[in-house]
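Engineer: Can you read through this structure? Questions will come right after.
Coordinate-derived values only; no laboratory data. No experiment lies behind these values; they were computed from the predicted model shown. Note that each Cβ is placed from the backbone with ideal geometry, even for glycine, and that neighbours are counted across all protein chains shown.
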Amino acid sequence: MEKKVFARTKGLTETPMRYCPGCGHGVIHRLVGETLEELDIRERTIGIAPVGCSVFADEYFNCDMIQPAHGRGPAVATGMKRVRPDCIIFSYQGDGDLASIGMAETIHSAARGENITIIFVNNAIYGMTGGQMAPTTLPGMRSTTSPFGRDPKVAGNPIRVCELLSSLKGPVYLERVAVNTPGNVVKAKKAIKKAFQVQVDGLGFSLVEIISQCPTDWAMTPLQSIGRVKDEMIPYYPLGVFKSLEEKK
Amino acid sequence: MGEKKLMKGNEALAEGAVRAGCRFFSGYPITPQNEVPEYMSWRMPEVGGTFIQAESEVAAINMLYGASACGTRVMTSSSGPGISLKQEGISYTASAQLPIFYANVVRGGPGLGNIAPSQGDYFQATRGGGHGDYRVFVMAPNSVSEMGNFPRICYEVAEKYRMVTMILADGLLGQMMEPIEFDFEPIDPSKLPPKDYALGIQEGRSRRVVRSYDLKPGFMEKHTWKLMEIYNQVEEKETRYETIMAEDADLLVVAYGTCSRISRAALALGRKENLKIGLLRPITVWPFPSKILHDLASRIKKILVVEMSTGQMIEDVKLAIEGSAQVFFHGRPSGGIPTEFEVLDVIKKIYGK
Amino acid sequence: MYQGVIMSGFGGQGIISTGVLLAYSGMVDGKHVTFFPAYGAEMRGGTANCSVVVSTDEVASPVVSTPDSIIVMNEPSLLKFEPTLKPQGLLLINSSLVSSKPKRNDINIITIDANKIAEEIGTVKCANMVMLGALINRTKAVSLESVVKTLSKVYPRAKKEMLEINENALKRGGTF
């Protein structure tokens, strides 16, 4: 007797993903896809693909998708949610998209308490353009525009997005997770599901920051890259809940 | 269609959009168009629509991108500096073929410039404005009545051809008051046919994607040619203009918007002195009424272009007539408003009087 | 009939609403009208002026460069607009606020102690109505009845007493 132990989620299309080996996007896509299926919201969800490596997310998520300008996801999400409050809107964004060029849109959609969900993938680098310094690149970390390592005296210090947003009244759920170990992947799934549930329940703005790895632009093997997540990224970006419903009550 | 009302141009613009079925507005304050968001801030909730004061013009136009992708009639408005910021979103919208409508109540520029009326944003409006190969359908009203009645035409063109449309006004048209009577009954947007591209509930249909890019080799070129074919159709079918006393004219004034009003006054003065002046007023500045101008220029050998700029539309005039007439120019940039007497003086000089 | 009017004074004197009132009344009378305010960056205390055209024909230019009549409510306005007035045009000066004398002798000048009259009627706030009353009496651009009828439209929040005061001020201005 055959027993099915693993299957493709209906939340993703059958288009093969073209992310690099070891990249976190594939896992994170799957977690979001599973969530759409499990919460039974896939057919009323509109996803927003960012500009960056995951611009191709519009081919991968099995729901209506839109691709806006770099960093403008939260503004587009705002426009969509206001005219289609019956739909579930999520914006999938990278660190350059969300925390650099789109910081104003991020902060103001959070401050307005828009009932949307943001999946924020922080891998501390601009992937698609070839490994330039991101607003979340760690001090000392090399990139193609910080070839000697990020010097905080010149380039400032990385931005901790969850901490920054937690000072606002608007967001109801903020959590930082990682996908470097099976245990963390399970926790990441829980957080993503909770973030979507918050929106389904009409409670307001939710954001999950996912610390991810970019072996290609970090010039590392996949294994080395998840080591860096544990040894360097998580110490600077502590995992945990920064704002929750319980706290709001 | 309702009683005659005395309205400010900006308010007529906002009310015209609402009557034409607009149910989503986002914008950011900038003089001289503030009456538009102010009006929308109470009018939108009244008709069950959405008003958002956005954090920036960039955010405002991208909110439109989202709301329009869901099939809603949307609007934003601004003035020069704010329109510059919106260009990113406008270009994306053009590529994604979303039918949005916006207005530029032009002020003096470049830079922060001033808040006085100007026509200095003609290039920006008629050349697309943002990056890439696209066009925007641009209407240039010259009265409060047209400020209120043109939004309906813009929405119809926007949805028929799935393109960006706009109203190019100026501070004078935005701030002045005139009687207005709407020439159409209010449109209930819920009664409009559903849009086959609109994102939303997917039950019973395949998923839809709205995107402004195509990285597959050759595909973007094909897409851009497809857009161009649409623009060619718009040029053929949607060009609008008005001529006044052009039949027997031996000098043709070409002016749009506020300048067309002033030129009409100059024409009336000149005709009293037996000067055979005619007027061509482009109502759409893109598409530009090149054909009629070309025809007129084969007979009328002297053309005077009057603009509240250092000379922008004059380029379209020269392109249209292909050297078949002599072109003169009178311009007042960045807040200068010509008077009818001033224009008449220029006309007399051309006649050698 | 064509009447191009400029009204000018300090912000807060009711210049803009007086202009709107004139334009609105013209519309009620079935005339073609335009109103254009000079809009400045200052919210208070700056110079306020507006142009109004009332005409039996369609209004070509909404810009009044050579007015047929002018209402002047402060010193700077006299300096600025007196030279633009058409020959034989009408210059109405609120002499309570303007002490300088006009320089031209090819125009019709009426000086009105409008603030004093307004105070007699009830409040200095209706000085603008005294001036407007004089203007419509002299130019016949619009009918007094239309202006009175329009008052409550332009000042929707005004109390009945204030509307009456304004009406009295218009009528008193009409004696000039």
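Engineer: Can you tell me which of A:68-74, A:179-185 comes out highest on packing, and rank the rest after it, using the mean Cβ neighbours within 10 Å?
Structural biologist: A:68-74, A:179-185
Engineer: Could you compute how fast chain B diffuses translationally, taking Rh as the Kirkwood radius over C-alpha pairs and applying Stokes-Einstein at 4 °C with viscosity 1.567 mPa s? Give it in µm² per second.
Structural biologist: 62
Engineer: Next question. With N denoting the number of residues in region B:241-351, provide Rg(C-alpha) divided by 2.2 N^0.38 Å, to two decimal places.
Structural biologist: 0.94
Engineer: Just going by the charge dipole of the protein assembly as shown, with Lys and Arg at +1 and Asp and Glu at -1 on Cβ, which of B:L215, B:L269, B:T339 is farthest out on the positive end?
Structural biologist: The residue sitting farthest along the positive end of the dipole is B:L215.
Engineer: Same structure, new question: Among B:I303, B:I100, what is the fewest-to-most ranking by other Cβ atoms within 10 Å?
Structural biologist: With the fewest neighbours first, B:I303, B:I100 line up as B:I303, B:I100.
Engineer: Return B:M176, B:M163, B:M147, B:M245 ranked ascending by Cβ neighbour count within 10 Å, so the fewest neighbours appear first.
Structural biologist: Ordered by Cβ neighbours within 10 Å, fewest first: B:M245, B:M163, B:M176, B:M147.
Engineer: In addition: Nothing charged except the Cβ atoms of Lys and Arg (+1) and of Asp and Glu (-1): what's the magnitude of the dipole of region C:2-173 about its Cα centre? Round to the nearest 20 debye.
Structural biologist: Rounded to the nearest 20 debye, it is 160 debye.
Engineer: Pull up the cross-link candidates among the aspartates and glutamates for B:K5, meaning alpha carbon to alpha carbon under 14 Å and not fewer than 8 places away within one chain.
Structural biologist: Cross-link targets: B:E15, B:E146, B:E178, B:E181, B:D183, C:D29.
Engineer: Per-residue mean of other chain beta-carbon atoms within 10 angstrom of the beta-carbon, peptide B:191-203?
Structural biologist: Across the residues of B:191-203, the mean count of other-chain Cβ atoms within 10 Å is 3.
Engineer: Once you put a point 7 Å from the Cα of B:E229 and another 7 Å from the Cα of B:H131, both along the Cβ direction, what distance in nm separates them?
Structural biologist: According to this spin-label approximation, the distance is 2.7 nm.
Engineer: Sticking with this structure for a sec: If contacts are Cα pairs under 8 angstrom and at least 6 residues apart, what is the relative contact order of region A:1-120 in percent?
Structural biologist: Normalised by residue count, the contact order of region A:1-120 is 23 percent.
Engineer: Reported to two decimal places, what Rg/Rh ratio describes chain C when computed on Cα atoms with Rh from the Kirkwood expression?
Structural biologist: Across chain C, the Cα-based Rg/Rh ratio is 0.93.
Engineer: If you don't mind, there's one more thing I want to ask. Which semi-axes, in whole Å and largest first, does the equivalent ellipsoid of region A:139-189 have when worked out from the alpha carbon gyration tensor as the square roots of 5 times its eigenvalues?
Structural biologist: Semi-axes, largest first: 28, 20, 6 Å.
Engineer: Which residues does a label at B:E236 reach in region B:145-170, if reach means a backbone N under 20 Å from a point 7 Å past the Cα toward the Cβ?
Structural biologist: Only B:157-164 fall inside the zone, counting backbone N under 20 Å.
Engineer: Another one. Would you tell me the mean number of C-beta atoms belonging to other protein chains that fall within 10 Å of each C-beta in B:72-78, as a whole number?
Structural biologist: 1
Engineer: Take peptides B:220-228, B:286-294 and line them up by average Cβ neighbours within 10 Å, highest first, as a rough protection proxy.
Structural biologist: B:286-294, B:220-228
Engineer: To the nearest 20 debye, what charge dipole does chain B have about its Cα centre, counting +1 at the Cβ of each Lys and Arg and -1 at the Cβ of each Asp and Glu?
Structural biologist: 440
Engineer: Give me, ordered by chain and number, the residues 5 or more places off B:L304 or on other chains with an amide H under 5 Å from its own placed amide H.
Structural biologist: The answer is B:L252, B:V253, B:V254, B:F328.
Engineer: Of C:M7, C:L97, C:N49, which is farthest towards the positive pole of region C:1-151's charge dipole, taken about the Cα centre with +1 and -1 on the beta-carbons of Lys, Arg and Asp, Glu respectively?
Structural biologist: Farthest along the dipole direction, towards plus: C:L97.
Engineer: Treating the beta-carbon of each Lys and Arg as +1 and of each Asp and Glu as -1, no other charges, what is the dipole magnitude of the protein assembly as shown about its Cα centre, to the nearest 20 debye?
Structural biologist: With only Lys, Arg, Asp and Glu charged at Cβ, the dipole is about 620 debye.
Engineer: Which one of B:Y256, B:I300, B:A14 has its Cα pushed farthest toward the positive end of the charge dipole of chain B, where Lys and Arg give +1 and Asp and Glu give -1 at the Cβ?
Structural biologist: B:I300
Engineer: If neighbour count is taken as other Cβ atoms inside 10 Å, put A:L174, B:L319 in order from fewest to most.
Structural biologist: Listing A:L174, B:L319 from fewest to most nearby Cβ atoms yields B:L319, A:L174.
Engineer: Roughly what % antiparallel, to the nearest 5, for the DSSP beta bridges in region A:25-248?
Structural biologist: Restricted to region A:25-248, the bridges split so that about 20 percent are antiparallel.
Engineer: Same structure again: Using only atoms on other chains, find how many Cβ atoms lie within 10 Å of each Cβ of peptide B:112-123 and report the average.
Structural biologist: Taking all residues of B:112-123 together, the mean is 1.
Engineer: Using a Gaussian network for chain A with springs between C-alpha atoms less than 10 Å apart, which of these wobbles most: A:Q93, A:Q224, A:Q213?
Structural biologist: Of A:Q93, A:Q224, A:Q213, the most mobile in the Gaussian network model is A:Q224.
Engineer: Using Cα-only point scatterers and the Debye equation, what is log10 of I(q)/I(0) for the protein assembly as shown at each q in 0.05, 0.08, 0.11 Å⁻¹, rounded to two decimals?
Structural biologist: Debye intensities relative to I(0), on a log10 scale: -0.33, -0.76, -1.13.
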